[in-house]
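One structure coming up, written as C-alpha cells, with questions to follow.
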Amino acid sequence: MFTGIIEQTGTLIGIQDRGGIQRITVEAPGIASRLREGDSLSVSGVCLTALDINPTYFHADLAQETLDRTSLSRLAPGVKVNLELPVAAGSPLGGHIVQGHVDGTGVLTLLKPVNDPTSSDFHKETTDWILEVQVPEYLRNWMISKGSVAIEGTSLTIAAVEGDVIRIAVLPLTYWRTNLHSLVPGAPLNIEADVLVKMAWQRQFEQQKPEFDLSESWLVANGY
C-alpha cells in the first residue's frame, strides 16, 4: 500500500519488448539503492516489482493488463516518472490509501499558475497551480468534490467536478517535486480513484438490487 506522497522522480531510460511483456528501465539514484529484488514500488501510480537492481537503476516488467490500463506503455525514454516506496505498517498516512491499482487514464487538459505570470510579483517556484483532467466516463461516479484521487500516483484533492473534467489545486511543493511540472496538455495521466469511495459506491449499488424472491411461480417457470 502507498499513500500518494511522492518521494522522488525517476527518469525512464529504456523500454524493451520481451515477447509479450515490456520491460522498463528507470534511473532513480536514491530509491534504487534502497530496493531489493522483488520489492514493490509505485511508478507514476502503478504498483510494479523491482528487478535487476543496482544503485542507480531498476527494471520492471509490465504485464498486458498494465499495458492496456495505464499510460506506461505510451511513455518514451527521457520522461519523468513519480516514485514511492510502500508505506511501512504503523507509519503516518500522509496522503490517502493508494493501492497502486490504476483504474484508467485521463487526459491533461489544463495546467496553469493561479497567479498571473505576467505580473511583476509572479514567482513560479512559489505559486499554486490549477490542474484539470478529463476523466473517462466509467470513472466519473468515483470523482467527488473534496474527495481524494491519485493522479500519476500523487495524492490530490478534487476541488470541483464539472462534467467529465475534475479540477485540482496543486501546491508549489507538489508541482515541483513530482512529474507534474514536466507534463503538457494532452498527456495521458494514470488515475486511481479513492478505494473508500469505490467501496461506498459498490455498497450503495448492492443495496439497490432487489432481493431474490423464491416464489411458487419462479419454481414452476424454472422446471421445479
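The values are calculated or read from the model by the stated rules, or taken from the named source; none is laboratory data. Values in this document were obtained by computation on a predicted structure and should not be read as measured data. Neighbour counts are summed over all protein chains in view; Cβ atoms, including those assigned to glycine, are modelled from backbone coordinates with ideal geometry.
So how many residues does the stretch 116-167 have that are assigned to a loop (DSSP other than H, G, I, E, B) and of a type in the set (S, T, N, Q)?
6
Something else about it: Which number in (1) over 16 Å from the mean Cα position of the chain (by Cα); (2) in the same structural domain as Arg203 (by TED's automatic domain parsing) marks the one condition that Gln134 misses?
(1)
Being surrounded by fewer than 18 Cβ atoms within 10 Å (Cβ to Cβ) and more than 21 Å from the chain's Cα centre (by Cα) is true for just one of Arg36, Arg23. Which residue is that?
The unique qualifying residue is Arg36.
For the structure I just gave you, tell me whether Pro77 is surrounded by fewer than 15 Cβ atoms within 10 Å (Cβ to Cβ) and either assigned to a loop (DSSP other than H, G, I, E, B) or at pLDDT 95 or above (or both).
Yes: the conditions hold for Pro77.
Out of Thr3, Thr109, Thr66, Thr70, I need the residue that is of a type in the set (Val, Ile, Thr), in the same structural domain as Val135 (by TED's automatic domain parsing) and under 30 Å from Ile130 (Cα atoms). Which one?
It is Thr109.
Quick one: in the stretch 116-135, of everything that is in contact with a strand residue (DSSP E or B) (Cβ under 7 Å, 6 or more places away or on another chain), in contact (Cβ under 8 Å) with a residue 40 or more places away in the chain and of a type outside the set (A, V, I, L, M, F, W, C), which residue is surrounded by the fewest Cβ atoms within 10 Å (Cβ to Cβ)?
Here the answer is Asp128.
Another question, if that's okay. Only one of (1) at pLDDT 95 or above; (2) not in a loop (DSSP other than H, G, I, E, B) fails for Gln204. Which number is that?
Only one criterion in (1) at pLDDT 95 or above; (2) not in a loop (DSSP other than H, G, I, E, B) is unmet by Gln204, namely (1).
Within the stretch 80-115, which residues are crowded, with 19+ Cβ neighbours inside 10 Å and assigned to a loop (DSSP other than H, G, I, E, B)?
Once the filter is applied, which keeps residues that are crowded, with 19+ Cβ neighbours inside 10 Å and assigned to a loop (DSSP other than H, G, I, E, B), the stretch 80-115 yields Gly95, His96, Gly100, Val102, Asp103.
What do you reckon, is Leu111 in contact with a Leu (Cβ under 9 Å, 6 or more places away or on another chain) and either at pLDDT below 95 or among the aliphatic types (A, V, I, L, M) (or both)?
It is true that Leu111 is in contact with a Leu (Cβ under 9 Å, 6 or more places away or on another chain) and either at pLDDT below 95 or among the aliphatic types (A, V, I, L, M) (or both).
For Ile151, indicate whether it is modelled with pLDDT of 95 or more, out of contact with any Lys or Arg (no Cβ under 7 Å at 6 or more places or on another chain), among the hydrophobic types (A, V, I, L, M, F, W, C) and closer than 16 Å to Val43 by Cα.
yes
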